[in-house]
1. Fewest to most neighbouring Cβ within 10 Å: what's the order for Y85, Y21?
2. Between L222 and Q148, what is the FRET efficiency for a Förster distance of 45 Å, r being their Cβ-Cβ separation, to the nearest 0.05?
3. Could you compute the FRET efficiency for V73 and R175, with r as their C-beta to C-beta distance and R0 at 41 Å, rounded to 0.05?
4. Would you mind calculating the gained length between R103 and V63 on full extension (0.36 nm times residue separation, minus the Cα-Cα distance), in nm to one decimal?
5. Please give the peptides 23-32, 213-222 ranked by average Cβ packing (other Cβ atoms within 10 Å per residue), highest first, as a rough proxy for protection.
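Throughout, read-outs are computed from the coordinates displayed, never taken from laboratory work. All figures in this text were calculated on a predicted structure; none of them were measured in a lab. So basically every Cβ, Gly included, is an ideal-geometry build from the backbone, and we count neighbours across all protein chains shown.
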Amino acid sequence: MNKLTTLLVAVDFSTGSRTAYEQAVRIAALHGSKIHVLHVVDSAAVAALADSREEPFENHAKVAVEGANEALVRWLEQSPTPENYEVTIALGTPLHEILEHARALKADLLVAGIAGAGEMSAGAGSISSKLARKVQTPVLLVRTNHPQPFQRIVACIDFSESSRAVVEEACDMARMDGATVDFLHVWQEPWAAMAYPTPFAETSVPTMVYTAEERDLFIERLRKELQEFVGDAVQGFESRQVLHEAFSHGNGIAEHAHEAQADLIIVGGKGRTNLRYVLLGSTAERLLTRLPSSLLVVKLPVDNL
């Protein structure tokens, strides 16, 4: 991973956020980074409690912030303490406050649990999903109970500019943690992608006719393009280049991650397939809800998008 100066880790006292915090501490130690620990007291919950008791919002907000600060001190004592860190308690809407703090701090990396206080057994919570889409900062969503170094990385390549950053991050992480990397390209047959629905059924009819030889040639061209795209960056660690055919990119990534027993998936925040559509829509939450691993979303500077 590129040199990191400032890490922001969002915590909510859940098991998932503890793992995220400990992963952030580990990464910060390797980079000599400063960690900013952020906990957001949900102002909507405070307002609801104040209304139910017919008491002033300010009184309940003061008590909630003070209580959260004391709880966070005790919570942090149960994990390794970073050399350089700062703690912030904010009152507001969790998503908004996390986004604003990431922007204000110019954080090099935002770290959060892939499952928050809801303790989902698999997949990401709604806050984590929104962070992956909305934050301009690279974001690492950490799987619960995985504070250790990453060992099996899947780097998702769609040949976009974002994918070049994915390759770089995957190589840096692999060398840092001693991991193996699968450089994965999920593809669809172009004739299937151009199919159109029949007027009397939900099935589709391809608009192109192809031969087995044409299919083999198409796959070979993809294999060569993937090899050239990854290039000579894969030195100093074990890697392979993988083509995976799937009906959708989200499904293909999740399927291969399961097969490879990956503990980290790296994707670009914007590319030819556009992460927004991988994370949203009918196949939407499939990547996040089926994740067997942590997720690193690489974001390019705004000027490069």
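1. Values: Y85 18, Y21 27.
Sorted ascending by nearby Cβ count, the order is Y85, Y21.
2. Values: r = 34 Å, r/R0 = 0.75.
Approximately 0.85, to the nearest 0.05.
3. Working: r = 36 Å, r/R0 = 0.87.
The computed FRET efficiency comes out at 0.70.
4. Values: separation 40, 0.36 × 40 = 14.40 nm, distance 2.77 nm.
Fully extending the segment from R103 to V63 adds 11.6 nm.
5. Values: 23-32: 18.8, 213-222: 12.2.
In descending order of packing, they fall as 23-32, 213-222.
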